[in-house]
Structures are given as structure tokens and as C-alpha cells.
1. Output the residues belonging to segment B:11-29 that are touching a helix residue (DSSP H, G or I) at 6+ places or on another chain (Cβ under 7 Å) and closer than 14 Å to residue B:227 by Cα.
2. Return yes or no: is residue B:65 in a loop (DSSP other than H, G, I, E, B) and in contact (Cβ under 8 Å) with a residue 40 or more places away in the chain?
3. What are the residues in segment A:184-217 that are buried (at least 24 other Cβ atoms within 10 Å of the Cβ), away from chain B (no Cβ under 14 Å) and farther than 24 Å from residue A:264 by Cα, if any?
4. Within segment A:218-258, can you find the residues that are more than 12 Å from chain B (Cβ to nearest Cβ) and without any contact (Cβ under 8 Å) to a residue 24 or more places away in the chain?
5. Can you go through B:296, B:308 and tell me which one is surrounded by fewer than 23 Cβ atoms within 10 Å (Cβ to Cβ), charged (D, E, K, R) and part of a helix (DSSP H, G or I)?
6. Take segment A:37-64 and flag every residue that is farther than 21 Å from residue A:111 by Cα, in contact with a strand residue (DSSP E or B) (Cβ under 7 Å, 6 or more places away or on another chain) and not in a strand (DSSP E or B).
7. Taking the conditions exactly as written (modelled with pLDDT under 95, part of a helix (DSSP H, G or I) and either within 17 Å of the chain's Cα centre (by Cα) or within 14 Å of chain A (Cβ to nearest Cβ) (or both)), does residue B:48 satisfy them or not?
8. Of everything in segment B:88-116 that's touching a strand residue (DSSP E or B) at 6+ places or on another chain (Cβ under 7 Å) and modelled with pLDDT of 90 or more, which residue is farthest from residue B:167 (Cα to Cα)?
Amino acid sequence: MNAHKRAQPLVVAHDLAKTFDVSAPWLNRVLEGKPRQLLHAVDGVSFEIQRGQTLALVGESGCGKSTVARLLVGLYEPTRGGLTFDQQDAHAAFKSPDAKAMRKRIQMIFQDPYASLNPRWTVEAIIGEPLQEHGMISNAAELQARVAELLQSVGLSALDMPKYPHQFSGGQRQRISIARALATAPEFLVCDEPTSALDVSVQAQVLNIMKDLQRERGLTYLFISHNLAVVRHVSDQVGVMYLGRLVELADKHSLFSNPQHPYTRMLLDAIPKMHDTGQARTPVQGEVPNPLNPPSGCSFHPRCPLVTERCKTERPAWRELKGIKIACHLAA
Amino acid sequence: MSLLQVKNLVVEFPSRHGTLRALDGISFDIAPGEILGVVGESGAGKSLTGASIIGLLEPPGRIASGSITLQGERIDHLSNDQMRHIRGRKIGAIFQDPLTSLNPLYTVGRQIMETIQAHLPVSHEEAKQRAIRLLQDTGIPAAAERIEHYPHQFSGGMRQRVVIALALAAEPQLIVADEPTTALDVSIQAQIIGLLKSICKERGAAVMLITHDMGVIAETCDRVAVMYAGRIAEIGPVHQVINQPSHPYTSGLMASIPDMSSDRERLNQIDGAMPRLNAIPPGCAFNPRCPQVFDRCRQERPELMPARATQAACWRVEGGAA
């Protein structure tokens, strides 16, 4: 790897957008005069991730963070904007004849380890499949050796190879998912709520393994979570999403010590604190609006304590401010 | 006198491979107006404890021994019919998913009024006024109109408010809330916890709050019971359990939670996983994972005993040593 390459961010998302058509069927639209309805799940999201770093996306359900994850691994095609991976257009690569070369470099870990592993396959088959699919091994002995090595790298044993997923606990299953994602030796891992389905003591095991692997292999992570304490632990940079858009993107320390966007402040206030018991936190107002019919102007304005007339009509631009990025009229 | 007293509660599930003991000698009590938190990992038995108290244990699960006493009366061996008069009237229940707790075919007003009239001798009109007041008290705007709406017309947070109103409808003295905020977003979660706490305080209702979220416990409860493998590992005032835990499992659990105020590179992890019901080790159930294990832990099972500021089931604290 030369010095020039290291300075370039590995992942660049530029104005990524994904719109879903959720209209009623054609006949109902004609007969009942229902209009077409578009859901802007992700509406112009831009960020960069440096090699070996972790960007975390946080936000409440329905804010589009999982859609971003699916856009990054090519499960969805963007409606607008694009994704550059190691200076190549990733979505063009996903469609080209050697799409496999790109897929090999970007892998994903899903939330629910009970749903993401085939219950009828042995661990050996689950972890070995990507190795065979990408032609990374030539015979059965080599396959076994590689799978054993992968299992050991996530703290499981080679003896686990003939077992089935139901024989493992949730935390162990999530480690199998990680081993499978690592099989193709990817550079970039997209992790969609990887520990949300796990108990805290097990969550700590999985987060520690993910950090160790990042250090050993120089992995780059996009880490999606709604748990701000977990995000604070794993990330270098944090992006806060609200109704399909980023509202604030900053390095971890400035985001947590000096949040600028009122929504970020609200989220931070909402976390139950372990060590100052009995203290009432700032009450949070309102709920996330219906994404099918988002508010005008800044989509956060109906819940914002600092709302002005301008916020109700004019959508705030995504701009740079003292080293962070923010979409808010009032931040200065 | 305590409001609820649970003594040596044992819940068993008979199965083809022998009887599984899911709760093994649980004892605690709740004072009137008190909020008791019950925390633990999945499978520790917290929801089963709640289900036993409200008499909704799924067969083949059954209470094998022990007693549950509410206001001096035993309720653990009542028939379904007798239990129906207690549920709602004396014990209210709030579950995790507000959508499945409400009947989608009836308006929320009708559901609340039904509960009120089933338990209290009031007229239709009076019941309606009470239902509106309940919805107002739980923070639902325009309650007089919302009472005519169906559950699907409410958002997730609003639905959980309706469920809380429903649980309080017949003015019970005890609310069993099983993961009431787990299905909600963080910003909504804060609202619901705040509401639950203030509304129960106003009415003097005691709450048994079951959750896996230690942060919620810290903010809400007076006392907390930490469960592990069907037993209570530690119980005591919430500040003491969090800040100076005596049981190694509690300390491990606290240290494994990512904290907003510290900058540790690695989280403290408890190696291994909670044992399955058919493979609970002899002695202390936590001994294979315990960093402070010694011989006695592998042979003899510790009961709850006084520790520094709490009660812990651990040989290390015997005689107040640890």
C-alpha cells in the first residue's frame, strides 16, 4: 500500500439517496384516485470513511440507517448519488461482469444471528460457502483449515465445525456471522445493529472481538446502532440521522462532549444514566413524524426546542462548521 | 406490611427429558408504592417471575412450591376464575409490545371502559369520564376525541401510553411491567419511563419493573433484584447494587455495560454464557464463569445473605467479609 492510497478515504458516499415507491396498486390509483406515493428512505447522505476507521450511524427506527447499510453493500441500488470504494464506482462494479471482486471486499453483518444463519447447514458449510463461491480454496482439506482458522479468530474452536447453529448461544452465533463475513478477507464491513439482539455481557464479548479484529487486520467499519453508549465505545466518527438525512457528522469526541444539533442533544439527553440515579432527565418532546409525509423545512422542526420561522420553511443546508458537518440554521 | 411477598418460588417445566427448574427458590417482597427492578440476561427467569405473579404462567409451566402473597392473601394457587378478579383490579400488567396488548377491533376507549366496568361498580357515563381522564393523565393530547380511535391510529409511544392507562384503569396497587420500553425508540423510552414513574407515584401503586436495561433501572427503581439462571444473585437498594455490587456476577454485568463517562479501550467481559436449564452446574450456578471461584462454590449452593449494603447469594460475602 503506498502513501498516496492511504490518504484517500476508502469509502466515499456522495449524495446517496434511495426512494421506494409505496403507492397503492395501479387499479386502486385509477379507481380511487389515490396519488403515487414515494418514500424517501435515504435522501442525500454524504460521508467518507478512512481506511481502518469506524463510522457509526445512529438514529431512531425509520431514519434510514439500515437502508444506507444496504446501499453500501449493493443490496439496493441508489436512486441518486453514488458510492466510491477505493476510488472505484462501487455500484458500477456491482453490475460489471467481475462484480464478485467488489463483493469480496465489502461484507455485511446483520442484526439477528438467529435469522441470518441457515439452520440446516453446519458451521463448516456456513463459513465455507463464501470461500468456495469466491474460489479461494482448492480442496476440502484447505477449506477445513481455513474455516478452523476463521473460527479461532473469533474465539470459537475448530471442533465447532460439524455443529449446527441451534447448538450455539446468541453471542456465539453472532461470532459465526462475523467469521463468515471475514472469510473473503474483506476490507470493509458493514455492521447493521450487530449487538442489538444480544445481552450486555455477551455484547461486550462481541464488541471486543470486533475491535481486536479491526486492529489486527486494519478493517474499516460502518457501524449502525441506536445505542449511543455502544457507538461511543466503538466509533471514530459518528453520523446522526433523522428522517433519511444526516443532521450532524463529527468525530466521536466533539459529538459526545459538544453536540451541536438540537436532535443530537435530545438523543444524548434521552440515554438513561447509570451513575447519577434518581435524576430526572430533560423531557423529550414528540415522536418521529411519518416519513411518508415529512414536515416542511427542517424535518426536525416540530420537535425542536429552538425552532424559528425559518426552520419551518427552509430546509437547512449540509455545511461544514468548525470541523464538523451539520444541517441546522441555528448552529454557528 | 409488604404489599407483595414471594417466598421460595419454584417454577418447573415438565418435559420428556425430565423436569426443568426455571425458577429455583425466588424470594423477595415489594412494599406499597415501591418500584422494584428485576434485571438479568435473557433466560434468567425475570419474565417467568412476573408471569407467576399475575397468574399467566404458560402450561406446562407450573408453580411447584413456594408462595405468592398479595396483601396477606395467597394468590399462587387460585383458579383461573378467581385470578381474573385479581388481574386488573389488584395487579395491572404492562407488556413489551403495545400493539399485541391491545385489541385491534375495538376503540381504545371501549377497551379501557370495559376494564373499568369489569372491576368497579360505575355507570357507563362515569366509566367514560374515567377513561378520558386516564388518557389525559398518561399524556395523550385531545383525549376526548382519541377515545374513539382504534389502536392502529396511535403511534408506538402513544400506544404504550394507552396500555399504561389500561393497566391503571381499575386502580390496582401493583403494576407488573415486563420490558415496557424495549420495543420503543430511545427518545420515546425516556418519556414512557418518566410517565410510569410519576403516574404510579401519584396513585401510590407499586411497580415491579422487569427489564434488561440497567440504565432504566438506575433511573427508575428504589430497589433492584439481579437474576441469574433462575435465582436472585443480588438484591438491594439500587444505588448500592450499581455502585458497590457484592456479587461477582453483578460487578461483571456492570463493567460490561458501555458507559457514557469512561474511555476504556476494551469492555470488561464475562466469559462464557449463562447455562441452559438442563445443565445448571452444582453449587453456585455462576461458578464456571466466576473470576473469584473457590472450592466451596462448586459444591454448595449459596443462599442470599447480607453483604455490605445489599444481599448477595455468594460465599465470598459470607459473614460480611467481602
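The values are calculated or read from the model by the stated rules, or taken from the named source; none is laboratory data. Just so you know, these numbers come straight off a predicted model, no measurement behind them. Here Cβ is always computed from backbone atoms with ideal geometry, including for glycine, and neighbour counts include all displayed protein chains.
1. Hits for segment B:11-29 are B:22, B:23, B:26.
2. Details: in a loop (DSSP other than H, G, I, E, B): no; in contact (Cβ under 8 Å) with a residue 40 or more places away in the chain: yes.
Against the criterion (in a loop (DSSP other than H, G, I, E, B) and in contact (Cβ under 8 Å) with a residue 40 or more places away in the chain), residue B:65 does not qualify.
3. A:189
4. A:258
5. Values: B:308 fails: part of a helix (DSSP H, G or I).
That would be B:296, the only listed residue that is surrounded by fewer than 23 Cβ atoms within 10 Å (Cβ to Cβ), charged (D, E, K, R) and part of a helix (DSSP H, G or I).
6. First pass over segment A:37-64, keeping only residues farther than 21 Å from residue A:111 by Cα: A:37-40, A:43-52.
Checking which are in contact with a strand residue (DSSP E or B) (Cβ under 7 Å, 6 or more places away or on another chain) leaves us with A:38-40, A:43-49, A:51-52.
Passing the criteria: A:51, A:52.
7. Details: modelled with pLDDT under 95: yes; part of a helix (DSSP H, G or I): yes; either within 17 Å of the chain's Cα centre (by Cα) or within 14 Å of chain A (Cβ to nearest Cβ) (or both): yes.
Yes; evaluated as a whole, the condition is true for this residue.
8. Let us first name the residues in segment B:88-116 that are touching a strand residue (DSSP E or B) at 6+ places or on another chain (Cβ under 7 Å), namely B:90-96.
Pick out the ones that are also modelled with pLDDT of 90 or more and you get B:90-94.
Numbers: B:90: 10, B:91: 8, B:92: 5, B:93: 6, B:94: 6 Å.
Per the stated criteria, the residue is B:90.
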